[in-house]
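Everything on this sheet refers to the single structure shown next.
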């Protein structure tokens with residue numbers, strides 16, 4: 001076998017090279033990332049609804065600590081699944097935030113970074129806030145099968161006291177969630193503004209995101225400043241927020257973005273980055 005034959009046999013097949021180029025082009029495309037963000041957004045929304053509306057929504061009885069404790073003890077697996085669903089929601093927050101920073105950077109790099117930082121801060125707060133739900137399990141027996149206060153450190157508490165403490169932990173979780181959503185509201189408003197200005201996302205989408213952020217901000221602020229007023233606003237105040245987030249999710253899944261427009265702005269930013277850093 002000649003050297004020429006060896007070279008011919010060891011060279012990659014043109015079809016393999018073509019397939020590799022296509023793969024790199026697809027996976028590096030902003031359109032791919034936009035649609036992947038849509039998938040993550042859908043998982044995020046589904047996990048959030050499961051944890052809040054299905055798991056805790058079916059177990060927590062407002063104003064009745066004893067009934068709430070009984071429901072959680074009787075359906076402990078559902079309560080635990082709600083915590084796991086929440087954590088999965090927060091896991092998807094991280095890549096979503098990075099992708100949105102990448103997609104919105106051609107409009108204003110600094111504002112896109114600021115939006116991402118507020119989103120990361122929200123995720124950190126809400127992850128730490130999940131410890132209040134773990135505390136509920138500890139107070140109600142932690143799956144030890146010995147009734148409330150399964151740990152030796154809690155045997156000095158009465159059943160009513162443990163129920164009240166568990167209810168307090170759930171209230172702390174609700175307020176901690178409100179604190180985290182304030183930072184998410186700022187992220188949604190700034191991100192929505194960039195979407196509105198982008199040209200590669202519909203302006204309607206940007207408006208919906210801004211409305212969602214304003215609704216979260218009003219709801220959380222009311223809960224912290226005037227809980228009675230917040231109770232009158234809830235859940236109607238969150239309907240526009242859900243529409244805004246779910247609408248963004250569907251658009252990302254179906255359309256992604258206007259790729260030629262994104263490429264045009266990204267090229268301009270690369271050629272003169274200072275023009276976009278504070279625009």
> Do we find that residue 61 is at pLDDT below 95 and surrounded by fewer than 16 Cβ atoms within 10 Å (Cβ to Cβ) in this structure?
Replying inline: yes
>> Among the residues in segment 109-116, are any at pLDDT below 95 and not in a helix (DSSP H, G or I)?
In response: no
> Which of the residues that make up segment 248-264 are in a helix (DSSP H, G or I) and either buried (at least 18 other Cβ atoms within 10 Å of the Cβ) or touching a strand residue (DSSP E or B) at 6+ places or on another chain (Cβ under 9 Å) (or both)?
Replying inline: 248, 249, 251, 252, 262
>> Suppose we filter segment 64-78 for residues that are buried (at least 17 other Cβ atoms within 10 Å of the Cβ) and either free of Cβ contacts under 8 Å to residues at least 24 places away in the same chain or outside any helix (DSSP H, G or I) (or both); how many remain?
In response: 1
>> Residue under question is residue 46, and the condition is that it be modelled with pLDDT of 95 or more and over 15 Å from the mean Cα position of the chain (by Cα); does it hold?
In response: no
>> Looking at segment 225-247 only, could you name the residues that are touching a helix residue (DSSP H, G or I) at 6+ places or on another chain (Cβ under 7 Å) and either surrounded by 14 or more Cβ atoms within 10 Å (Cβ to Cβ) or assigned to a helix (DSSP H, G or I) (or both)?
In response: 229, 230, 233, 237, 238, 240, 241, 243, 244, 245, 246, 247
> With 39, 43, 61 as the choices, which residue is more than 17 Å from residue 132 (Cβ to Cβ) and touching a residue at least 60 places away in the same chain (Cβ under 8 Å)?
Replying inline: 39
>> Among the residues in segment 154-163, are any modelled with pLDDT under 95 and within 29 Å of residue 233 (Cβ to Cβ)?
In response: yes
> Just one of the numbered conditions (1) buried (at least 21 other Cβ atoms within 10 Å of the Cβ); (2) under 30 Å from residue 31 (Cβ atoms); (3) at pLDDT below 95 is not true of residue 199; which one?
Replying inline: (1)
> Consider residue 55 against the criteria (1) part of a helix (DSSP H, G or I); (2) in contact (Cβ under 8 Å) with a residue 40 or more places away in the chain; (3) crowded, with 22+ Cβ neighbours inside 10 Å: it satisfies all of them except one. Which criterion is unmet?
Replying inline: (2)
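The values are calculated or read from the model by the stated rules, or taken from the named source; none is laboratory data. This one's a predicted model, so the numbers in the text were calculated from it and none came from an experiment. Glycine gets a Cβ as well: all are built from the backbone with ideal geometry, and neighbour counts include every protein chain shown.
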